[in-house]
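Step one of this worksheet: look at the structure below.
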Amino acid sequence: MTMKLYGAALSPFVRKTRVVLALKGLEYEAVHVDPNNPPQGYEKISPMKRIPALEVDGQYLADSAAICAYLERIQPQPALYPSEPMAYARTLWFERYIDYDIAANCTFGVFRNRIIMPLIGKTCDEDKVQHYLAEKIPPLLAYLDRELEGRQYLVGDSLTIADIAMGSQMVNFRHGGECVDPQRYPNLAAHTERMHALAPFAATIEKESAFIEKVRG
């Protein structure tokens, strides 16, 4: 079996997938794809031209949730999806909430404006960023903080894909100059710190932070 992962380093969805691959000890070839300028024919690999996409022996999967679910099936250990039905469903719910709602606000609202827009020669809309920070993001983080009350993980007593998804989005939030306020969201702030201390996260944060500092001058 040979695997190729198509994507870009700063994508939280690509990062989520890479963390899963690392935790499961699976080897793959990384193929860079700029989502703002995908190569000709990329729609044959990812119909919506999004990243990440995974190629396995000539077959393709698009979307990080589908890819990570596939990786769990081919390499069950360490288990990142609970076996108990309700816990499994809650894990899927949190992953969906994070990939759509947290991403739309923390990553696309803050990180994209402050980091990606200048990198592609466009202006950051700081007024929009402040709107996200003041109005959109607080209730999203507050919900997760409540769910983490007295817990180390979002579901059950061990790491799941939900935790990895959240940790990955918070890397982008961090790159965008923000952090989870430990005074307002102590449980979520502690969770983020634990996730980012995991070896796959720590390594990628260091590498990506150095890249961002370099390109920003």
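So the values come out like this:
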quantity: Within region 143-217, helices (runs of 4 or more DSSP H) holding 2 or more residues that are open to solvent by less than 50 Å² (accessible area, probe 1.4 Å) and β-branched (Val, Ile, Thr); calculated: 161-175, 199-216
quantity: Cβ-Cβ under 8 Å pairs, at least 6 apart or on other chains, region 16-35 side open to solvent by 60 Å² or more (accessible area, probe 1.4 Å), far side basic (Lys, Arg) and in a loop (DSSP other than H, G, I, E, B); calculated: PRO35/LYS49; PRO35/ARG50
quantity: Residue match in region 126-133 (condition: farther than 21 Å from LEU198 by Cα, aliphatic (A, V, I, L, M) and outside any loop (DSSP other than H, G, I, E, B)); calculated: yes
quantity: Which listed residue is in contact with a Gly (Cβ under 9 Å, 6 or more places away or on another chain), open to solvent by 70 Å² or more (accessible area, probe 1.4 Å) and more than 22 Å from ARG174 (Cβ to Cβ), from ARG96, ARG90; calculated: ARG90
quantity: Positions within region 26-46 being part of a loop (DSSP other than H, G, I, E, B) and either under 16 Å from THR2 (Cα atoms) or out of contact with any Phe, Trp or Tyr (no Cβ under 8 Å at 6 or more places or on another chain) (or both), in sequence order; calculated: LEU26, GLU27, TYR28, ASP34, PRO35, ASN36, ASN37, PRO38, PRO39, GLN40, GLY41, ILE45
quantity: Selection status of ARG146, touching an Asp or Glu at 6+ places or on another chain (Cβ under 9 Å) and of a type in the set (D, E, K, R); calculated: no
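The values are calculated or read from the model by the stated rules, or taken from the named source; none is laboratory data. Being a predicted model, the structure only gives us computed values, none of them experimental. We place every Cβ from the backbone using ideal geometry, glycine too, and count neighbours over all the protein chains shown. To get the accessible areas, we keep the full protein, side chains included, count just its heavy atoms, and leave off ligands, DNA and RNA. Shrake-Rupley method; radii C 1.70, N 1.55, O 1.52, S 1.80 Å.
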